[in-house]
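Single-structure report; data block below.
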Amino acid sequence: MFGTLVLLVGPALGFRLLGALGVGRFAPWRACAAHGLAAMLVVTAVAHFARPGAAVPLGHDDLVAMVPPFVPFPGAAVYATGVLELLGAVGLVRASTRPAAGFGLAVLLVLMLPANIHAAVGDVVLDGGPATPLWFRIPEQVLFVAVALWAATARDGASRGGPSAAALPGPGPGGTGPRSAAHAPERVGG
């Protein structure tokens, strides 16, 4: 029941430790949370393609069983959501694509919640056991959406094109005047 939550929190704390050790990319908590969510999504996305007997707790067939009856082509829907999870994970890693990835993943996570509800209410058997109970799964899904939205919101103007050239200190390429944004150091963190 706590596996997916651990897949988010464990890597996020690991990235934060790297930030504390001086890796600038992981200095902000927001970046650590985004990378933690990306790590979780890579693992969960693998399940969308895994066949029975694979070394993952849930496989493709389990996820197909979770799909509510109103969704057409459940097998294709599971593959599609797996691809979207992987794309979202990749998008979360780069600061420039993080806003779009975060907002897209928030929508995806909301759209996938009915599958979790169907599995719990319909007593769908997953990997030989019951689905995660709703009292845990819904708050967990809300947390995942919140982390995706937090990752999507920039704390400064960096995701909207960064500071203007006039705001950058120091001499420009010719040695005088303001430095242009093209000559500014690349921003790597959160």
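The values are calculated or read from the model by the stated rules, or taken from the named source; none is laboratory data. For clarity, every value in this text was computed on a predicted model and none was experimentally measured. Heads up, the Cβs are rebuilt from the backbone with ideal geometry, glycines too, and the neighbour counts pull from every protein chain shown. Side chains are part of the model used for accessible areas, which takes the heavy atoms of the whole protein and leaves out ligands, DNA and RNA. Shrake-Rupley method; radii C 1.70, N 1.55, O 1.52, S 1.80 Å.
Among the residues of segment 34-48, the ones that are at pLDDT 95 or above and open to solvent by 10 Å² or more (accessible area, probe 1.4 Å) come to 3 in all.
Among the residues of segment 60-69, just one is open to solvent by 50 Å² or more (accessible area, probe 1.4 Å) and either within 27 Å of residue 152 (Cβ to Cβ) or outside any helix (DSSP H, G or I) (or both), namely 69.
When segment 70-87 is examined, which residues are found to be over 16 Å from residue 109 (Cβ atoms) and either buried (at least 17 other Cβ atoms within 10 Å of the Cβ) or modelled with pLDDT under 95 (or both)? Break it down stepwise before answering.
The first filter runs over segment 70-87 and keeps only residues over 16 Å from residue 109 (Cβ atoms), leaving 70, 72-76, 79.
Scanning segment 70-87 gives no hits.
Among the conditions (1) open to solvent by less than 50 Å² (accessible area, probe 1.4 Å); (2) within 16 Å of residue 34 (Cα to Cα); (3) modelled with pLDDT of 95 or more; (4) touching a Gly at 6+ places or on another chain (Cβ under 9 Å), the only one that residue 95 does not satisfy is (3).
Checked against (1) in a helix (DSSP H, G or I); (2) under 29 Å from residue 133 (Cα atoms), residue 57 passes all but a single condition, namely (1). Here segment 3-53 is the region considered, the condition is being part of a loop (DSSP other than H, G, I, E, B), without any contact (Cβ under 8 Å) to a residue 40 or more places away in the chain and of a type outside the set (Lys, Arg), and the residue that is farthest from residue 130 (Cα to Cα) is 22.
Residues that are part of a loop (DSSP other than H, G, I, E, B) and surrounded by fewer than 18 Cβ atoms within 10 Å (Cβ to Cβ): does segment 131-139 have at least one? Yes: segment 131-139 contains one or more residues that are part of a loop (DSSP other than H, G, I, E, B) and surrounded by fewer than 18 Cβ atoms within 10 Å (Cβ to Cβ).
Within segment 54-66, residues that are over 13 Å from residue 44 (Cβ atoms) reach partners that are open to solvent by 40 Å² or more (accessible area, probe 1.4 Å) with beta carbons closer than 8 Å, at six or more positions or on different chains, in the pairs 61/51; 61/52; 64/74; 65/125.
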